[in-house]
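Enquirer: If you scroll down you'll find the structure; I have some questions about it.
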Amino acid sequence: MLDNTKDVLSGYASTTTWMVFAAFSLSAAFVTTGLGKRIAYILIEKFGSTTLGLGYVTALLDGVISPATPSNTARAGGIVYPIMNSVSIALGSEPGKTPEKAGAYLALNTYMATKVTSFMFLTAMAGNALGAAFMTDIVGVTLDWMTWTKGLFVPGLLLLAVTPYFVYVLEKPEIKHVDNKKIASEGLAELGPMKAKEKILLAIFVLALCGWAVPSLLDQLLGIKIKINETAVAVGAMAALLLTNTLTWDDMLKNKGAWNSLTWFGGIIGLSGALSKLKFFEWLGKVMQANINFGDNAMIALWILVFVSVIVRYLFASGSAFIAALMPVLLMLGKVANVDPMSMCLALAASNSYGGCLTHYGGAAAPIIFGAGYNTTKKWWIVGGLFGLLCYLVMMTVGVAWWKMIGLI
């Protein structure tokens, strides 16, 4: 017998739980220091001369800061969209009156872009780490930061490159050209000269990325083995931010996403480990194997499994809730159908994120952006449904081919 309380609480000793919690400090710092806004206005100045260009600025900004912002709500709803909303108003596009000028496009594009960036890195969405923990417990696949990035960065980058134009075609704005120089200069003037805290954050951000990525790259490219614990990097980044006063402890206390993740993920990961020790997943697999038959084609089973994971996202208002409720079941279904474990894990990791684009409540950032009032429910569901289908097809074709090319499957 297991000491159930001890086993469930063991999730709070999980390095995954603390990596996500620590990474939230970088997310908060991008907001409090103003560095996220500064990067946005610089990108607007360089690439935002058209409305479509602003769409690509949105995608690029979200992509740049996503590796260190596990709260896509803070990223999209707290940094990216407030700026794009200000730009919409500056262009004379107001909710309910003139959304078609630019606001409707910029709002939809912001959300669809963040649904792509959220699966490109393990630390780009809080739920990713929870899904990775289930994958280890149930099918024995370990998706560390670099393996996750290797598998999903290329198909994600392709989708991110397509997203602004895809949404532009479906929600074409009336305004085509933008006085980006004026918008950028006013925004940068309001921020003032780059502050010391911003420079420190930028340095810590770059060092954290190096800590997560460089050891694996050195091993694969040069055969040099340097082991740096990913959680230690995240905790070190958080400590550096606090010690340099770039982020205060009060800022961390106000970061509800960080504390919610620590509380819920610790418990859920501990529960998953306890169930694994009790051989619950083995029992569930035997039950499914006896009652469900996908046929003998593992690839068809994978396509069906991932499609189901996308469709059921209509029922969930949170990616983390979806992972906690259904990820174990989907993983066991794939296991009994003899689906390649790595391809199943990567495909499901991505589908949880882009599946949230289907509705205006599919993720915590959605109500913030939809609530601005630029988009109708009907148009959001049409664009979201078509975009979700595009992501699914790209991931199951380009994604699978990429995984084979680099030897992951």
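Enquirer: Quick test for you: out of Gly103, Gly78, pick the one residue that is within 25 Å of Leu157 (Cα to Cα), in contact with a Leu (Cβ under 9 Å, 6 or more places away or on another chain) and small (Gly, Ala, Ser).
Expert: Gly103
Enquirer: Right, here's the next one. Being buried (at least 22 other Cβ atoms within 10 Å of the Cβ) and in a loop (DSSP other than H, G, I, E, B): is that true of Gly355 here?
Expert: no
Enquirer: Any idea how many residues of the stretch 115-129 are part of a helix (DSSP H, G or I), under 23 Å from His360 (Cα atoms) and among the hydrophobic types (A, V, I, L, M, F, W, C)?
Expert: Going through the stretch 115-129 one residue at a time, the tally reaches 5.
Enquirer: Just wondering, is there one or more residues in the stretch 127-138 that are over 28 Å from Lys256 (Cβ atoms) and hydroxyl-bearing (Ser, Thr, Tyr)?
Expert: no
Enquirer: Among the residues of the stretch 229-239, is there at least one that is farther than 26 Å from Ser320 by Cα, out of contact with any strand residue (DSSP E or B) (no Cβ under 6 Å at 6 or more places or on another chain), at pLDDT 65 or above and part of a helix (DSSP H, G or I)?
Expert: Yes, because at least one residue in the stretch 229-239 is farther than 26 Å from Ser320 by Cα, out of contact with any strand residue (DSSP E or B) (no Cβ under 6 Å at 6 or more places or on another chain), at pLDDT 65 or above and part of a helix (DSSP H, G or I).
Enquirer: Let me ask you something else. Of all residues in the stretch 378-396, count the ones that are out of contact with any Phe, Trp or Tyr (no Cβ under 8 Å at 6 or more places or on another chain) and farther than 16 Å from Leu160 by Cα.
Expert: Residues in the stretch 378-396 being out of contact with any Phe, Trp or Tyr (no Cβ under 8 Å at 6 or more places or on another chain) and farther than 16 Å from Leu160 by Cα: 5 in total.
Enquirer: Taking the stretch 333-347, which residues are on the phi < 0 side of the Ramachandran plot and surrounded by fewer than 24 Cβ atoms within 10 Å (Cβ to Cβ)?
Expert: Selection gives Leu333, Lys335, Val336, Ala337, Asp340, Pro341, Met342, Ser343.
Enquirer: Which condition number in (1) of a type outside the set (Phe, Trp, Tyr); (2) buried (at least 21 other Cβ atoms within 10 Å of the Cβ); (3) modelled with pLDDT under 85; (4) under 30 Å from Ala196 (Cα atoms) is the one that Lys254 fails?
Expert: (2)
Enquirer: Going by the conditions given, is Thr123 within 20 Å of Val57 (Cβ to Cβ), within 11 Å of the chain's Cα centre (by Cα) and surrounded by 24 or more Cβ atoms within 10 Å (Cβ to Cβ)?
Expert: For Thr123, the condition - within 20 Å of Val57 (Cβ to Cβ), within 11 Å of the chain's Cα centre (by Cα) and surrounded by 24 or more Cβ atoms within 10 Å (Cβ to Cβ) - is not met.
The values are calculated or read from the model by the stated rules, or taken from the named source; none is laboratory data. Quantities reported herein were computed from a predicted structural model and do not represent experimental measurements. Heads up, the Cβs are rebuilt from the backbone with ideal geometry, glycines too, and the neighbour counts pull from every protein chain shown.
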